[in-house]
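Right, one structure below, let's go through it.
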Amino acid sequence: MGELFDFHGHFLPNMDDGCKDPAESLEVLRQSAAQGVRTMVATPHFFSSRETVDSFLMRRQASYDALLQAMASKPDVPYPEILLGAEVAYRPNISRLPDLEKLCIANSKYLLLELPWSDWTNEMMREIQNISVVRGLIPILAHLDRYMERANRQKIQELFRMDLLVQVNAECFLSFSGRCTARKLLRYGSIDLLGSDCHNLTSRKPNLEAGFTALQKLSPQAFHHIKHASDALYDDLK
Ligand SMILES: [Fe+2]
């Protein structure tokens, strides 16, 4: 399977609806490392309606510091490398948000963007385009698999034509209905990245290795594309 990159996770302690304390975070990291995950991107939820970018970044740093301290207390345990990012919730005018760049992964141009669950509008499509064209950033669409039942076919086609990356959750490959969704997605275009979107040790636990294993059986071609795209993105981030 080789080294895996997890581009979506809520494992920073006491930051959002993910891990509640450093002990839970450490176990999520340990289990991920045991699955062959080399690098994990921390992507706590960011809602511009609730908080400024600076306030979010200060909270994120405090949470990360607490995690580093906990990791240092158990130096013999192998942990994945951690990169800091955010899962930025879409809202109108998000492309004009001051300091949007600061929410990109590891000071890169890659921004994990969570689309709304309600109807996708033309305005939303323009905003995504503007994040790329006006702000010069590269959106990564978070867990596109989770929208497939409701999403408008034409809008999905439009998204696949944009200059962006598509991230899918590993869980998508772990159920029959999820695999049907994945096949549907692959008919539109490529899936670029996988993420565990892990939140805890129970209902949403680290599952990247299982996801990759199931994906390899489902579509060796998609598996190789994702491995290649993940390596390329990681090289870009470093
Ligand atoms: Fe998430």
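Relative contact order (percent) for the chain, with alpha-carbon contacts under 8 angstrom and 6 or more residues of separation?
Values: 415 pairs, mean separation 51.5, N = 238.
The value is 22 percent.
Å³ per residue of the Cα convex hull, for the range 147-214?
So the per-residue hull volume is 92 Å³.
Just need the Rg to Rh number for the range 1-93, please, alpha carbons only, Kirkwood Rh.
Ratio of gyration radius to Kirkwood radius: 1.00.
Taking the simple approach of a point 7 Å from Cα along Cα-to-Cβ for both GLU158 and SER108, what is their distance in nm?
Taking the simple label geometry, GLU158 and SER108 are separated by 2.7 nm.
Between the range 128-179 and the range 93-125, how many Å separate their Cα centres?
Between the Cα centre of the range 128-179 and that of the range 93-125, the gap is 12 Å.
Direction-averaged shadow area of the convex hull around the Cα atoms of the chain, nm²?
Details: hull surface 47.8 nm².
Average projection, Cα convex hull of the chain: 12.0 nm².
If exposed chymotrypsin sites (Phe, Trp or Tyr not before Pro) are those in a DSSP loop with at most 15 other Cβ within 10 Å, what is the longest stretch of the chain that has none?
Result, exposed sites excluded: 118-238.
Positive end of the charge dipole of the range 1-117 (Lys, Arg +1 and Asp, Glu -1 on Cβ, about the Cα centre): tell me which of TYR79, LEU113, LEU100 has its Cα farthest that way.
The residue sitting most towards the positive pole is LEU100.
At each listed q (0.13, 0.19, 0.24, 0.29 Å⁻¹), what is the log10 of I(q)/I(0) that the Debye formula gives for the range 108-177 modelled as equal alpha-carbon point scatterers?
-0.37, -0.77, -1.16, -1.50
Calculated from DSSP H runs of 4 or more alone, at -39500 (n - 2.57) each and per residue, what is the 222 nm mean residue ellipticity of the chain, nearest 500?
After summing the helix terms and dividing by residue count, I get -13000 deg cm²/dmol.
Just the number: Rg to Rh for the range 1-51, Cα atoms, Kirkwood Rh, two decimals. Intermediate results must be reported in sequence, preceding the final value.
Values: Rg = 12.2 Å, Rh = 11.7 Å.
That ratio is 1.05, to two decimals.
Tell me the label-point distance for the pair PHE176, VAL133, using the 7 Å Cα-to-Cβ offset, in nm and rounded to one decimal.
Taking the simple label geometry, PHE176 and VAL133 are separated by 4.4 nm.
Quick note: the coordinates plus some simple rules give every number you see, no bench work behind them. In this text, all values refer to a predicted model and were calculated from it rather than measured experimentally. As a convention, Cβ positions derive from the backbone with ideal geometry for all residues, glycine included, and neighbour counts pool all protein chains shown.
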